[in-house]
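Below is one structure; the comments refer to it alone.
Readers should treat all values here as calculations from the given coordinates under stated rules, not as data from a laboratory. All of these numbers come straight from a predicted model, not from anything done at the bench. No Cβ is skipped: glycine too gets one built from the backbone with ideal geometry, and neighbour counts run over all protein chains shown.
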Amino acid sequence: MRTRLGLIVVLTAACGFPLVAGAQWRMEEQVKTYPISGATGIELYSSIGEKGPKVGTHVRAIAHTDFKLTWSRNYVPQPDGACTLVSARPNLTITYVLPKPVTALPPALDKLWQVFIEGVRKHERVHAEQIKAMVAEIETVSVGLSVPADPKCTKVRAELTSKLGEISRTRVKNSQDFDKVELSEGGNVHRLILNLVNPL
């Protein structure tokens, strides 16, 4: 565990392909929890450090957001030999993993905890919105994508993959930049932690 445990958001996805304009999304959001314990704010935070979900080999997180994105796609060969992506439907599942005390907390501590966990949820929801925005951007750049001289619809898939790679990299950078601000000294998550472990 690092000296300062940060809120680390993990975004994992299946390979995704684009959405036809106006198609109906299939989206689900679910919450999973892991158990923590403690009679003080610092004890709760220490329990998070011990039991939080692992990110990589050594780091444990306060919470993380996973997503799975799959697509139903329809590539159609055209009379002129081109291939066009004419329809696609996304299936998106966003999963939040959050800490949860295993026993009822004393009133004063429970008040601190509720402020802390609501701030964590708010942070996670921003990442969820970034994921949804990514799917919408994929829709914008990919609907109607067509490549000439592609009767087997292989070139258009490669072209799409290239576009999706750039969109994914941009989303990851935006996510990391947001976390950097939130976790920096005086940032929202940093203040949430301090208020929990060292209330005024």
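Restricting to DSSP H runs of at least four residues, report the calculated mean residue ellipticity at 222 nm for the chain, -39500 (n - 2.57) per run over all residues, nearest 500 deg cm²/dmol.
Values: 4 runs with 86 residues, N = 200.
Here the helix-only value at 222 nm equals -15000 deg cm²/dmol.
For segment 32-54 and segment 97-117, compute the distance between their C-alpha centroids and round to whole Å.
10
Scanning the chain for helices, which whole DSSP H stretches are 27 Å or more long along the axis (Cα) and average -1.0 or more by Kyte-Doolittle? The partial results should precede the final answer.
Numbers: long enough: 107-142 (52 Å, -0.15); 155-183 (42 Å, -0.85).
TM-like helix candidates: 107-142, 155-183.
Among GLY144, VAL31, ASN74, whose Cα sits farthest toward the positive end of the charge dipole of segment 26-197 (+1 at Cβ of Lys/Arg, -1 at Cβ of Asp/Glu, about the Cα centre)?
Going by the Cα projections, it comes out as ASN74.
In debye, nearest 20, what is the charge dipole magnitude of segment 56-200 about its Cα centre with +1 on Lys and Arg Cβ and -1 on Asp and Glu Cβ, if you could check?
On the way: 19 positive and 15 negative charges, 55 e Å.
Taking the Cα centre of segment 56-200 as origin, the dipole is about 260 debye.
Among (1) 37.2, 114; (2) 21.2, 72; (3) 19.5, 69, which one is Rg and Dmax of the Cα atoms in Å computed from these coordinates?
The value computed from this structure is option (2).
For the ranges 86-97, 169-180, what's the packing order if you count other beta-carbon atoms within 10 Å of each residue, average per peptide, and put the highest first?
Working: 86-97: 18.8, 169-180: 13.9.
Packing order, densest peptide first, comes out as 86-97, 169-180.
Check THR33: other-chain or 5+ apart residues with amide H under 5 Å from its amide H, H built from backbone geometry?
Residues meeting the criterion, in which the H sits 1.01 Å from N, are LEU98.
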